[in-house]
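The block underneath contains the structure these notes are about, expressed in structure tokens.
The values are calculated or read from the model by the stated rules, or taken from the named source; none is laboratory data. Everything numeric here is computed off the predicted structure, so don't read it as measured data. Here the Cβ positions follow ideal geometry from the backbone for every residue, glycine too, while neighbour counts run over all protein chains shown. Accessible surface is based on the protein model in full, side chains and every heavy atom, while ligands, DNA and RNA are left aside. Shrake-Rupley method; radii C 1.70, N 1.55, O 1.52, S 1.80 Å.
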Amino acid sequence: MTEAIWTQMDAYFKDQLVREDPALQAAVQSSDAAGLPSIQISPTEGKFLMLLARAVAARRILEIGTLGGYSTIWLARALPAAGRLISCELNPAFAEVARSNLQRAGVGEFAEVRVGRASDTLSKLIAERAEPFDLIFIDADKDGYPDYLTAALKLSRSGTVIVADNVVREGRVADASTTDPNVRGLRRYIEMIAANPRLSATALQTVGERGYDGFALALVCDTD
Ligand code: DHB
Ligand code: MG
């Protein structure tokens, strides 16, 4: 089984199930033109996140790692009229590209990009006692995932869904002897969601146009 067949299947599902509109296509094109790394989620994954957000009737979404806003557009489109999305981005140039992509997609009024270290943005939200988020998508620097989870849990309620991208990395995340700080961050993240009594979690491997990777999904299950 080769990468070619995964890519073919992804193209088939995209063709059949995922209608990427011009704003999503333009978001990818303008991100590429601006020289952003081409590491955004795929169309089938974007629609998956959008459907997940709809399925949990998310009104407030938090994203950690905006890049050019491709996933942000998918997630924002799941929101009802009074919904709100906050996305954290370290790189101001990426944030500018994302903002223009969000405007073009018609979600700029309720999807906000906050520039700076995500840990600072999250600390500020915690200090402000921000209303809990319904869905949190972590897709930023991999060595930061453990800290992002700690912060995300403070911005969660029972029922909050926390999704993390890139938890497989072509299988490297199963290697306990790794010294790669990114893979170590991902391993620590998995250990943390496994050990936290507030969370019930799983992870799914994915193949497709992005190669071989996966998502972890954790549901906050408070009993009080
Ligand atoms: C990288 C980051 C991602 O979030 C991703 O989906 C793929 C690659 C990276 O930093 O290489
Ligand atoms: Mg990613």
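In table form, for the structure just shown:
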item	result
Residues being of a type in the set (S, T, N, Q) and in a helix (DSSP H, G or I) - total across the range 64-83	2
Residue in the range 104-119 that is modelled with pLDDT under 95 and away from ligand 1 (no atom under 16 Å from the Cβ) present	no
Search result, residues across the range 145-176 that are away from ligand 1 (no atom under 16 Å from the Cβ) and among the basic types (Lys, Arg)	Lys154, Arg157
Residue match in the range 131-138 (condition: charged (D, E, K, R), closer than 22 Å to Ile39 by Cβ and open to solvent by 10 Å² or more (accessible area, probe 1.4 Å))	no
Among the residues listed as Glu209, Glu191, Glu170, the single one being out of contact with any Asp or Glu (no Cβ under 6 Å at 6 or more places or on another chain), open to solvent by 40 Å² or more (accessible area, probe 1.4 Å) and within 14 Å of ligand 2 (Cβ to nearest atom)	Glu170
Test: residue in the range 44-58 that is within 16 Å of ligand 2 (Cβ to nearest atom) and of a type in the set (Val, Ile, Thr)	yes
Residue that is nearest to ligand 1 (Cβ to nearest atom) [pool: residues in the range 26-54 that are of a type in the set (A, V, I, L, M) and touching a strand residue (DSSP E or B) at 6+ places or on another chain (Cβ under 9 Å)]	Ile41
Residues within the range 23-42 that are part of a helix (DSSP H, G or I) and without any contact (Cβ under 8 Å) to a residue 60 or more places away in the chain, tallied	5
Filter result for Ala23 (of a type in the set (A, V, I, L, M, F, W, C), under 18 Å from Glu112 (Cβ atoms) and more than 15 Å from ligand 2 (Cβ to nearest atom))	yes
Residue identified as more than 13 Å from the chain's Cα centre (by Cα) and under 25 Å from Gly214 (Cα atoms) among Leu67, Leu79, Leu125	Leu79
Only one of Ser71, Ser100, Ser31 that is touching a helix residue (DSSP H, G or I) at 6+ places or on another chain (Cβ under 8 Å), modelled with pLDDT of 95 or more, polar (S, T, N, Q) and more than 28 Å from Glu131 (Cβ to Cβ)	Ser31
